[in-house]
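Below is one structure, written out as structure tokens; comments come after it.
Any read-out appearing in this document is the output of simple, stated calculations on the displayed coordinates, not a laboratory observation. These numbers were taken from a predicted model, which means no experiment stands behind them. Reconstructed Cβ throughout: ideal geometry from the backbone, glycine too, with neighbour counts over all protein chains shown.
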Amino acid sequence: MKALYLALALGLANAACASADGGATTLKADTELASDTGVYKVRAVPVAPVKRGANDFSVQVVIPQGAKVVGATAFMPAHGHSSDPPSITQAADGSFRVDHLVLFMGGRWEITLSVAGGAKEDQVRFGVDVP
Ligand SMILES: [Cu+2]
């Protein structure tokens, strides 16, 4: 019986850890991410290693064609604040650039991209750790 209680306690501890960082996938060099309802998939790539200050990301909407990145926000869960909205532009190759996203403090930031195609808008979320 003791072993069972221990296993349950460990399970709870793991669950708490997973939610402490917001649970979002940490963005690696090139990361494919699904939107909240699975409608969209995007590939997000930091243009340079994530740093404190202004950061640029390249975002490609994988499916479906014609969907656009229409917004991006950065939020720091530990402190409850956001940063100013970045600029979003579409490049000649059809990918999107999220430029000048200012992550002004070291630590964990949660980035939310809004993707829209037709009438349906959905969110894609990922996390970055600013050194
Ligand atoms: Cu902060």
inquiry  = So G107 passes all but one of these: (1) in contact with a Ser or Thr (Cβ under 7 Å, 6 or more places away or on another chain); (2) within 13 Å of V128 (Cβ to Cβ); (3) within 16 Å of the ligand (Cβ to nearest atom). Which condition number does it fail?
reply    = (1)
key: Scope region 105-123; condition within 18 Å of the chain's Cα centre (by Cα) and part of a loop (DSSP other than H, G, I, E, B); matching residues   = M105, G106
inquiry  = Yes or no: region 73-92 includes at least one residue that is closer than 20 Å to K28 by Cα and among the small types (G, A, S).
reply    = yes
inquiry  = I need the full set of residues from region 56-83 which are over 13 Å from the mean Cα position of the chain (by Cα), within 16 Å of the ligand (Cβ to nearest atom) and closer than 16 Å to F126 by Cα, in order please.
reply    = A78, S82, S83
key: Scan of region 26-55 for residues that are within 15 Å of G127 (Cβ to Cβ), assigned to a strand (DSSP E or B) and within 16 Å of the ligand (Cβ to nearest atom), ordered by number   = N55
key: Filtered residue count, region 74-115, keeping only those that are under 21 Å from A34 (Cβ atoms) and either touching a helix residue (DSSP H, G or I) at 6+ places or on another chain (Cβ under 7 Å) or of a type in the set (D, E) (or both)   = 1
key: Residue that is nearest to the ligand (Cβ to nearest atom), among those in region 84-104 that are surrounded by 13 or more Cβ atoms within 10 Å (Cβ to Cβ) and not in a strand (DSSP E or B)   = F104
query = Are there any pairs, at least 6 apart or on different chains, whose C-beta atoms fall under 9 Å, with the first in region 89-108 and closer than 18 Å to V70 by Cβ and the second aromatic (F, W, Y), and if so, which?
reply = T89/F96; Q90/F96; F96/F57; R97/F57; V98/F57; D99/F57; L101/F57; L101/W109
